[in-house]
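Peer 1: Before I ask anything, here is the structure I am working with.
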Amino acid sequence: MRVLIVGLLDGQIGAASKIAMDRGAKVMQADSIEHALVTLRAGHGAELVLIDLELDIEHLTRSLAAEHINIPVVACGTTTNAEAAVKAIKAGAKEFIPLPPDAELIAAVFEAVAEEHYALIYRDPAMEKVISLTNQVAASEATVLISGESGTGKEVLARYIHRESRRADRPFVSINCAAIPDNLLESELFGHEKGAFTGAIARRIGKFEEANGGTLLLDEISEMDPRLQAKLLRAIQEREIDRVGGARPVKVDIRLIVTSNRDLEAEVQKGKFREDLLYRINVICVDIPPLRERPKDIPILTKHFAKKYAELNGVPAKPVSAAALEALSRHDWRGNVRELENVLHRAVLLSAGHEIEPEAIMLSGGTRSIADVAEAGNTATEPHTESGALVGRTVAEVERDLILNTLDHCLGNRTHAANILGISIRTLRNKLRLYTSKGIQVRMPRESSGAAV
């Protein structure tokens, strides 16, 4: 693992660096957040950032997000103040490591962060066939096209291919082509020179150069503008790129993996994807089946996510009941593994008994349980609305009831409720403040359901 440590390497953080290196990590160091960003922009990739708690963690995580640099951040510090650790997590850190450092704890945190990002969990024969094919081609230099519905785990499989390849000790760099505006994607891929366009205040190394010697993942390549596809085709053929505003080409040595949730041959027929580019990337095609076609994966994934989110939220781990597993296995997972993961995160927070029962497994944004769907005799297709209950009501009224009911389910815990609702804690607090100003009862933490502000 390649680790970038942000902070001065004196005292305890220096000891943490030595432990990381003793555990096989390749360590780089930056004494400030700006230095760290310069290091990452220059293509010195890292798989994890370890930052001193005294620095502005939120500034780092916001800057990484703004520049589409997807790296987990772990905070460390000498404080024993739990509030400081909670603040670091809220600022975007994945974990907190107390100092002085403990070798086993550092190893465990690094392993947990890596597992969260790279875990490949399966048991179904359909996935065994996928992994068997993957193992055959992983050690080669062939370009791999991974297809499958959204949420099936295409990036996880891409990382697995890299770990099993001859480039495993070199960088793995990914870029989501659907998440970056077309006018910025070229610069993200190929980099730019200072002054190449408005806002280009310094040279920026692109993903191709950052991945040099390793593996580059182009996630959701079907979303790329056809005009940029021509430049990508040249980069793949010639193994050289042109920075935006650059005067000469730059040679790169990469192994390419691409993913798509669309039928690329159909996109070619529509004129939305270049046929010659498809031929270049479709050397080895691996198709990941949707979760509904690999039912034996559901129990093992369910148990994995239940344990993961119990640990993440600091609540006791609970087994998933046989009835809940049966209901989960019958459900048609349109969002695939990603949807299952979100559902289990909610279930861990909402479960009140000794086991996670069907009533705690909320679907469709937390408004309807899997038990309700099963009782209605329709586990395959979950209804999006209950028109009889919604007609005649305003959006604001429906939103208010959803927020208050979710808060009640979470026993007043604002953080858990915000996670379930998919909104920030600040947005939730603003909504609750609005409701209380109108005289509406809002549940406080650890109060009974009838409590009010």
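The values are calculated or read from the model by the stated rules, or taken from the named source; none is laboratory data. Everything numeric in this text was worked out from a predicted model, so none of it was measured. Because the Cβ atoms are built from the backbone with ideal geometry, glycine has one as well, and the counts that use them run over all protein chains shown. The protein model used for the area step is the full one, side chains on, heavy atoms only, and it has no ligands, DNA or RNA in it. Shrake-Rupley method; radii C 1.70, N 1.55, O 1.52, S 1.80 Å.
Peer 1: Just checking, does region 259-278 include any residue being within 22 Å of the chain's Cα centre (by Cα), part of a strand (DSSP E or B) and surrounded by 15 or more Cβ atoms within 10 Å (Cβ to Cβ)?
Peer 2: Within region 259-278, one or more residues are within 22 Å of the chain's Cα centre (by Cα), part of a strand (DSSP E or B) and surrounded by 15 or more Cβ atoms within 10 Å (Cβ to Cβ).
Peer 1: Looking only at residues that are of a type in the set (D, E, K, R) and assigned to a loop (DSSP other than H, G, I, E, B) in region 192-219, which one is least open to solvent (accessible area, probe 1.4 Å)?
Peer 2: To start, the set of residues in region 192-219 that are of a type in the set (D, E, K, R) comprises 193-194, 203-204, 207, 209-210, 219.
Remaining after also requiring assigned to a loop (DSSP other than H, G, I, E, B): 193-194, 203.
Details: E193: 38, K194: 153, R203: 133 Å².
Result: E193.
Listed here are the residues, each with its yes/no results for (1) assigned to a helix (DSSP H, G or I); (2) surrounded by 18 or more Cβ atoms within 10 Å (Cβ to Cβ).
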site: M127; (1), (2): yes, yes
site: S132; (1), (2): yes, no
site: Q136; (1), (2): yes, no
site: I146; (1), (2): no, yes
site: S165; (1), (2): no, yes
site: D169; (1), (2): no, no
site: A178; (1), (2): no, no
site: R227; (1), (2): yes, no
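Peer 1: Take the conditions in contact with a Phe, Trp or Tyr (Cβ under 8 Å, 6 or more places away or on another chain), closer than 27 Å to E265 by Cβ and of a type in the set (S, T, N, Q) and apply them to T143. Does it pass?
Peer 2: So T143 fails the test.
Peer 1: Next question, about the same structure. Filter region 59-107 for residues that are open to solvent by 50 Å² or more (accessible area, probe 1.4 Å) and within 22 Å of S17 (Cα to Cα) and give the result.
Peer 2: The answer is N70, T78, T80, I89, K94, E95, P98, P100, D102, E104, L105.
Peer 1: Which of the residues belonging to region 414-426 are β-branched (V, I, T) and either in a loop (DSSP other than H, G, I, E, B) or exposed (fewer than 13 other Cβ atoms within 10 Å of the Cβ) (or both)?
Peer 2: Answer for region 414-426, where residues must be β-branched (V, I, T) and either in a loop (DSSP other than H, G, I, E, B) or exposed (fewer than 13 other Cβ atoms within 10 Å of the Cβ) (or both): just I423.
Peer 1: Another question, if that's okay. With the condition kept exactly as written, say whether any residue in region 302-309 is of a type in the set (D, E, K, R), without any contact (Cβ under 8 Å) to a residue 24 or more places away in the chain, over 23 Å from S150 (Cα atoms) and in a helix (DSSP H, G or I).
Peer 2: Checked against the condition, which is being of a type in the set (D, E, K, R), without any contact (Cβ under 8 Å) to a residue 24 or more places away in the chain, over 23 Å from S150 (Cα atoms) and in a helix (DSSP H, G or I), region 302-309 yields at least one hit.
Peer 1: Hey, any hits in region 344-363 for a residue that's surrounded by fewer than 18 Cβ atoms within 10 Å (Cβ to Cβ), within 26 Å of the chain's Cα centre (by Cα) and at pLDDT 80 or above?
Peer 2: The answer is no; no qualifying residue exists.
Peer 1: Another question, if that's okay. Would you check which residues across region 234-250 are in a helix (DSSP H, G or I) and either over 28 Å from the mean Cα position of the chain (by Cα) or in contact (Cβ under 8 Å) with a residue 60 or more places away in the chain (or both) and list them?
Peer 2: Scanning region 234-250 gives R234, I236, Q237, E238.
Peer 1: Please pick out the residue among A168, A179 that is under 30 Å from P290 (Cβ atoms) and free of Cβ contacts under 8 Å to residues at least 12 places away in the same chain.
Peer 2: A168
Peer 1: Another one. Can you tell me which residues in region 40-58 are at pLDDT below 90, of a type in the set (D, E) and in a loop (DSSP other than H, G, I, E, B)?
Peer 2: E47, E54
Peer 1: I'd like to check something: does region 439-446 contain any residue that is assigned to a loop (DSSP other than H, G, I, E, B), at pLDDT 70 or above and under 25 Å from W333 (Cα atoms)? Even if it seems obvious, please write down each step before you answer.
Peer 2: Initially, region 439-446 is screened for residues assigned to a loop (DSSP other than H, G, I, E, B), giving 439-446.
Right, trim to at pLDDT 70 or above and you get 439-444.
Those left that are additionally under 25 Å from W333 (Cα atoms): none.
Scanning region 439-446, I find no residue that is assigned to a loop (DSSP other than H, G, I, E, B), at pLDDT 70 or above and under 25 Å from W333 (Cα atoms), so the answer is no.
Peer 1: Yes or no: region 386-394 includes at least one residue that is at pLDDT below 85, under 30 Å from the mean Cα position of the chain (by Cα) and charged (D, E, K, R).
Peer 2: So the first thing to find is which residues in region 386-394 are at pLDDT below 85, and the list is 386-394.
Narrowing the set further to residues that are under 30 Å from the mean Cα position of the chain (by Cα) leaves none.
No, that holds for no residue.
Peer 1: Also, quick follow-up: Examine region 366-380 for a residue that is touching a Cys at 6+ places or on another chain (Cβ under 6 Å), closer than 24 Å to P319 by Cα and at pLDDT below 80, and state whether such a residue exists.
Peer 2: no
Peer 1: Among the residues that make up region 309-319, is at least one of them more than 30 Å from S132 (Cβ to Cβ), of a type outside the set (D, E), in contact with a Ser or Thr (Cβ under 7 Å, 6 or more places away or on another chain) and at pLDDT 90 or above?
Peer 2: Yes, because at least one residue in region 309-319 is more than 30 Å from S132 (Cβ to Cβ), of a type outside the set (D, E), in contact with a Ser or Thr (Cβ under 7 Å, 6 or more places away or on another chain) and at pLDDT 90 or above.
Peer 1: Kindly indicate whether L37 is of a type outside the set (D, E), assigned to a loop (DSSP other than H, G, I, E, B) and at pLDDT 85 or above. Let's see the steps before the verdict.
Peer 2: Working: of a type outside the set (D, E): yes; assigned to a loop (DSSP other than H, G, I, E, B): no; at pLDDT 85 or above: yes.
No; evaluated as a whole, the condition is false for this residue.
Peer 1: Could you tell me how many of the residues in region 330-343 are open to solvent by 50 Å² or more (accessible area, probe 1.4 Å) and over 15 Å from the mean Cα position of the chain (by Cα)?
Peer 2: Total meeting the criteria: 2.
Peer 1: Please find, among L184, L189, the residue that is open to solvent by less than 50 Å² (accessible area, probe 1.4 Å) and either without any contact (Cβ under 8 Å) to a residue 12 or more places away in the chain or of a type outside the set (K, R) (or both).
Peer 2: Exactly one residue qualifies, and that residue is L189.
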